[in-house]
Amino acid sequence: MTITLVKREQRTAAFALNRVSGNFGIGSGATVAGFIVAFAQRLSSFQTLYIFDAVTYAAFALIVLAAVPSPRAETVTATDANGTGFRAVARDRLFLTVIAANIVLVVVGHTFFSNILPPFAKTHTPLGPADIGIIVLVNTSFVVIAQIPAVRLVARMRRTHAFAAASALFAVSLLAVLPATLIHSEFAATSLLAGVAIVFAIGECVHTNVLGPLVADMAPAHLLGRYLSLYSLTFSISLALGPAIGGLLLQTSPDAIWWGGAVAAVLAGAVLLRLGGRIPDPLREAQSDLGSAPEAA
């Protein structure tokens, strides 16, 4: 719906704002719920919480019905008749390559940090639960703060270069977790991993600001919903694979999570970088238009 409401050049900003609002909503929702439950630890406090939740959903539904236009679905033309379902999406090998490489990046960059770092830090570093909470807060806060400014940064980069930059940031932050296991000072280890959380957040901002708009640009108009559904599935698959892989490695070889994840991030970034001019890129298109302007004149 968001994609249909904005112009193509606004897609990156729209995805960024959507992610900011989602992170802010998750954080503020947990805070409000905590205060409601803490204020009166009775059954009525939980009932109040769920009634409040229901009211907000109803209010959102009314806003959508009253204020959000409903563009008509794209009509399938004769040239599109050979593919209107997920089989048509499956035939797009370039798109599947992009999705597969990004599943790797989401696993090692997003889920390893959010799902695996806390138990790893609790077991293998001097950090306690409060310190881990601070690190998660630093990461989440930085994502909210940096997501919109990252739009300007990504707009000046080729998409493949932005993917490579995100991969490098993930690799650096993954490797930077390992020195925390050698530090005996709780404050020093917390400071180091807070820095890691910031680098992770920058990588997340760059990564998501490129991936969402790219998927929308790669999709034929009549398959936009299916392409975006596979984009969403990227994160669902990663949320399943990341904890499973990371949990197994926590039992067998904990350090391999971080150096192995760094290697995987670099390889995924290299695959995306090699795609070069095969994927849509507004910056490259703008440069081509500038180069052809004198000839047209």
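Could you compute the FRET efficiency for LEU248 and ALA66, with r as their C-beta to C-beta distance and R0 at 30 Å, rounded to 0.05?
Values: r = 49 Å, r/R0 = 1.64.
According to the calculation, E is roughly 0.05.
Explain nothing, just the number: relative contact order of segment 86-281, from Cα pairs under 8 Å at least 6 residues apart, as a whole percent. The partial results should precede the final answer.
On the way: 226 pairs, mean separation 78.3, N = 196.
40 percent.
What is the extension gain from ALA168 to ARG91, computed as 0.36 nm multiplied by their sequence separation minus the C-alpha to C-alpha distance, in nm to one decimal? Can you show the working numbers first?
On the way: separation 77, 0.36 × 77 = 27.72 nm, distance 2.99 nm.
Result for the pair: 24.7 nm of gain on full extension.
Per residue of the chain, what 222 nm ellipticity follows from adding -39500 (n - 2.57) for every DSSP H run with n ≥ 4, rounded to the nearest 500? Could you put the intermediate results ahead of the total?
On the way: 12 runs with 225 residues, N = 297.
Taking each H run of at least 4 residues, the total per residue is -26000 deg cm²/dmol.
Karplus couplings for segment 239-251 from phi (6.51 cos²θ - 1.76 cosθ + 1.60, θ = phi - 60°), rounded to Hz, Gly and Pro as x?
Whole-Hz 3J(HN,Hα) from phi for segment 239-251: 5, 8, 6, x, x, 5, 5, x, x, 5, 5, 4, 7.
Expressed in nm to one decimal, what extension gain is obtained for the pair ALA155 and ARG8 from 0.36 nm per residue of sequence separation less their Cα-Cα distance?
Values: separation 147, 0.36 × 147 = 52.92 nm, distance 1.27 nm.
Difference between extended and current length: 51.7 nm.
When only alpha-carbon atoms count, how far does segment 182-245 stretch along each of its three principal axes, as whole angstroms with the largest first?
57, 25, 12
Scanning the chain for trypsin sites (Lys or Arg not before Pro) in DSSP loops with at most 15 other Cβ atoms within 10 Å, what's the longest stretch left with none? Please report the intermediate quantities before stating the final value.
Working: sites that count: LYS7, ARG42, ARG72, ARG91, ARG156.
Counting at most 15 other Cβ atoms within 10 Å as exposed, the longest clean stretch of the chain is 157-297.
So, in nm, how far is label ALA270 from label ILE36 when the simple model puts each one 7 Å beyond its Cα toward the Cβ?
Here the modelled spin labels are 5.0 nm apart.
We did not get these values from a lab; they are worked out from the coordinates using the rules stated. Everything quoted here is computed from the prediction, not taken from an experiment. Every residue, glycine among them, receives a Cβ derived from its backbone with ideal geometry; neighbour counts consider all protein chains shown.
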